[in-house]
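Visitor: Starting off with a structure, shown below.
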Amino acid sequence: MAELSAESGVPVATIKYYLREGLLPAGERTSPNQARYGEEHVRRLKLIRALVEVGGLSVVTVREVVAAVDSDRTAYNVLGVAQRALSGSAAEVPEGDREWATGLLGEVAREHGWKFGADDPVVELLVGTVSTIRALGHQALLDQIGRYAEIADRIAEADLDTVESAGSMDRIVEAAVVGTVLGDRLFEGFRRLAQAAETARRYSEG
């Protein structure tokens, strides 16, 4: 385990915690107090660390995600698990607002050929989001929703190009998870940089 810690950069105490929590598969037992770990353990530790420390996921959520990676599910299904895990809980929305938000989002989804199910947690999150934007009186943001949807299509194409280049199925499903979790952080950072640059272009003196 000390060698595994040195190779992965994860402290021994943290590795033991991940083993207890079922995030990391046990090593091959070679004696009562020794086990052999391989490259797959190193890769899994790096994935867990990225999801927790960079992606900001809870241990419970990471357990669900890595269980999906270890299953025989397709990359499409694993991506769905990751999306549901990331969605979190949506805000309560009054029925009238829900009907309006569902209609707006359903129209956008139809224009872009997206699946749109009322029981989808991603849809539920979007319903709460656009309802809150409307309640705060920021109609200008809602007026741009089509542009946001177009950008989302382009990002999805980049995501899937990355996933398809991963090679083996285990690497594909892992790439689907990494692309969803860390891709959100990547785009969030780029968006902040772009906002700062656009603000400077529009409002800086001279």
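Visitor: Here are some residues: T180, T199, T132. Which one is in contact (Cβ under 8 Å) with a residue 12 or more places away in the chain and more than 17 Å from the chain's Cα centre (by Cα)?
Guide: Result of the check over T180, T199, T132: T132.
Visitor: In region 143-174, what residues are free of Cβ contacts under 8 Å to residues at least 40 places away in the same chain, in a helix (DSSP H, G or I) and touching a helix residue (DSSP H, G or I) at 6+ places or on another chain (Cβ under 6 Å)?
Guide: Selection gives D159, T162.
Visitor: Right, here's the next one. Among the residues of region 57-74, which ones are exposed (fewer than 13 other Cβ atoms within 10 Å of the Cβ) and modelled with pLDDT of 80 or more?
Guide: Result: S58, V60.
Visitor: While we're on this one: Would you be able to tell me the number of residues in region 110-128 that are open to solvent by 60 Å² or more (accessible area, probe 1.4 Å), under 25 Å from R185 (Cβ atoms) and in a helix (DSSP H, G or I)?
Guide: The qualifying residues number 2.
Visitor: Hey, could you check region 1-49 for residues that are in contact with a Gly (Cβ under 6 Å, 6 or more places away or on another chain) and not aromatic (F, W, Y) and say which is least open to solvent (accessible area, probe 1.4 Å)?
Guide: Selected residue: A35.
Visitor: Hey, another quick one. Of the residues that make up region 179-195, is at least one open to solvent by less than 70 Å² (accessible area, probe 1.4 Å), at pLDDT 90 or above and assigned to a helix (DSSP H, G or I)?
Guide: yes
Visitor: Just wondering, is there one or more residues in region 140-161 that are open to solvent by 60 Å² or more (accessible area, probe 1.4 Å), at pLDDT 90 or above, aliphatic (A, V, I, L, M) and more than 22 Å from the chain's Cα centre (by Cα)?
Guide: yes
The values are calculated or read from the model by the stated rules, or taken from the named source; none is laboratory data. What you see is a predicted model; the values in this text were computed from it and never measured. Here Cβ is always computed from backbone atoms with ideal geometry, including for glycine, and neighbour counts include all displayed protein chains. Just the protein is used for accessible areas: all its heavy atoms, side chains included, with ligands, DNA and RNA removed. Shrake-Rupley method; radii C 1.70, N 1.55, O 1.52, S 1.80 Å.
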